[in-house]
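The values are calculated or read from the model by the stated rules, or taken from the named source; none is laboratory data. This is a predicted model, so every value here is computed, not measured. Note: ideal-geometry Cβ built from the backbone for every residue, glycine included; neighbour counts use all protein chains shown. Areas reflect the complete protein model, heavy atoms only, side chains present, ligands, DNA and RNA absent. Shrake-Rupley method; radii C 1.70, N 1.55, O 1.52, S 1.80 Å.
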Amino acid sequence: MGSIPEPAYLYKNVVHDPTVPSVQSAKGMYIHLDNGQIILDATCGAAVSAIGHGVERVKQAIISQLDQVEYSHPGFFPNAPALRLADMLVESTGGRMSRACILGSGNARPHYPLRSEAVDAAMKLSHQYFAEGKPDTRRTKFISRRGSWHGCTLGSLSLGDFKPRKARFKSILHPNITHVSACDPYHALKDNENLDMYVARLKQELDEEFQRQGPDTVCAFFLEPVAGTALGCVAAVPGYLEAMREVCDRYGALLVFDEIMCGMGRTGAMHAWQVDGVVPDIQLVGKGLAAGYGTISALLINDRVVSGLKQGGGYFVHGQTYQSHPLGCAAAVEVQRIIKEYNLVSNCREMGEYLGMQLKLHLGDHPHVGDIRGRGLFWAVEFTEDKDSKAPFDSKLSLSKRLQTKGLEKGYDICLFAATGAVDGWNGDHFLLAPPYTVGKQDVDEIVSRVVKVIHSVFEDIYASRQQHPYH
């Protein structure tokens, strides 16, 4: 009798684990599995499902669009949902951005197709802006930040600095990208520094990197206004974005904000940069744009870049088969209507403050919780072996992965988004919470209760293995 063949499906692991259940359905903030479990989706997948699962209005908008046209190639003609969505996006910036390039081919790894495509397009647009009419331009370099994550295509992987995901491909990554320090006061603020001094130091570092590369060789500086997966919900401190803007302006380079994860309301403002009032030249949005009901992302572009293209050939040399897809655009339009109609960005801000307060109340005294940080409904909990020195746990312990795995066990039933490397790219454990914008106080209380239960259980297991007394 022959062995049962493994399923054809491949995500990451080539060895199929038959014990992992599959999703049967989802509604609101709960996911129903085929083993009978009901999981609280406290992360919206990867900060995607911003209005929750199974919203009838969005489903009907997609069905209505199917009744009209399911696909049209943008190279032949635009479609009505794409035009509506572009208008909505520009309007949401108060007119500070002037055009929206709708993307979303889904041509990269699950969780990150939107970011990867958008980042590659933004890199091309940045270079083209300078190359228009000047084919011999020296501006072919990019600067990004250590501890950043910008996607997994070769361009976006090169731009980012999520070491576990790029180390294996180092030999084929682009050589024209360098990195400076992120704005990360928990790990990098010196004992004798205040925040103004810290921002000044980071500003000087970026200035020196421009000088080192050659000021007229850099196209753009990319950053996440609120860092996502790799650093864990680290918001730019006051004055930082303005300082980065000043350096880029000094050398004529573009400033690009990657808001794929932190934007579209997730951090309590429709666009994360609106908190500081520092407008980028190019902005990337995704995830919360269609909230998982469509695979879609977009570039928002300001007048400076649009004018540069007009003065050249008037044509962005970029295009993909599924760009401006009518179904994704229809979904995004309805999602954005719902967010506006129900004031969900405001709720995101208010419930985010409550979530942060409750996390700090219930976990702030835990001997191995080093930092609890975030903005809006975008929070991270980072763990340390020693709270005073901020020394991380041994990476062999796989703490963040153990927390995520425990959360998915029966009796815990909660999604935690595990991540590593916040300390130096390799070491450090944290997890992210990014619940839907629709949550109320009772939902937040339930999330925090389950999070606390998971953390205590995992550390009881760790202490037991070390033959120490468990923490209560």
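Calculated translational diffusion coefficient of segment 330-444 (20 °C, 1.002 mPa s; Stokes-Einstein with Kirkwood radius over alpha-carbon pairs) equals 138 µm²/s. If one puts a single equal scatterer on every Cα of segment 403-472 and applies the Debye formula without solvent, what log₁₀ I(q)/I(0) results at q = 0.14, 0.24, 0.29 Å⁻¹? At q = 0.14, 0.24, 0.29 Å⁻¹ the computed log10 ratios are -0.53, -1.11, -1.22. For segment 36-170, the C-alpha radius of gyration sits at 1.32 times the compact-globule guess of 2.2 N^0.38 Å, with N the residue count.
Can you give the translational diffusion coefficient of the chain in µm²/s, computed by Stokes-Einstein from the Kirkwood radius over Cα pairs at 37 °C and 0.692 mPa s? Result for D is 142 µm²/s.
Each Lys and Arg contributes +1 and each Asp and Glu -1, all at the Cβ; summed about the Cα centre of the chain, the dipole is approximately 740 debye.
For segment 267-359, the equivalent ellipsoid derived from the alpha-carbon gyration tensor has semi-axes of 30, 19, 10 Å in decreasing order. Ordered from highest to lowest accessible area with the whole protein assembly present and a 1.4 Å probe, Glu350, Glu209, Glu91, Glu460 read as Glu91, Glu350, Glu460, Glu209. Each DSSP beta bridge with both residues in the chain is either parallel or antiparallel, and the antiparallel ones are about 70%.
For segment 394-454, the fraction of 1.4 Å probe accessible surface lying on carbon and sulfur atoms is 48 percent.
Comparing Tyr251, Leu206, Gly277 along the charge dipole axis of segment 189-290, the residue lying farthest to the positive side is Gly277, per the Cβ-charge model. Neighbours of Arg245, meaning other residues whose beta-carbon lies under 12 angstrom from its beta-carbon, give a summed charge of -3 when Lys and Arg score +1 and Asp and Glu score -1. Any chance you could tell me what percent of the C-alpha pair distances in segment 151-233 go past 14 Å? I get 69 percent for the Cα pairs in segment 151-233 exceeding 14 Å. Rg/Rh for segment 111-205 (Cα atoms only, Rh after Kirkwood) is 1.05. Per residue, the accessible area of the chain comes to 44 Å² when a 1.4 Å probe rolls over the protein heavy atoms.
For segment 1-50, a Kirkwood hydrodynamic radius built from all Cα pairs, placed in the Stokes-Einstein relation at 25 °C and 0.890 mPa s, yields a translational diffusion coefficient of 188 µm²/s. Lysine pair count for segment 362-438 (Cα-Cα distance under 20 Å; residues 8 or more apart in sequence or on different chains): 4.
Counting only heavy atoms of the protein chains and using a 1.4 Å probe, Leu361 has close to 120 Å² of accessible surface. For the pair segment 29-60 / segment 315-350, the C-alpha centres are spaced 18 Å from each other.
When a 1.4 Å probe is rolled over the protein heavy atoms, the share of accessible surface on segment 208-293 that falls to carbon and sulfur comes to 47 percent.
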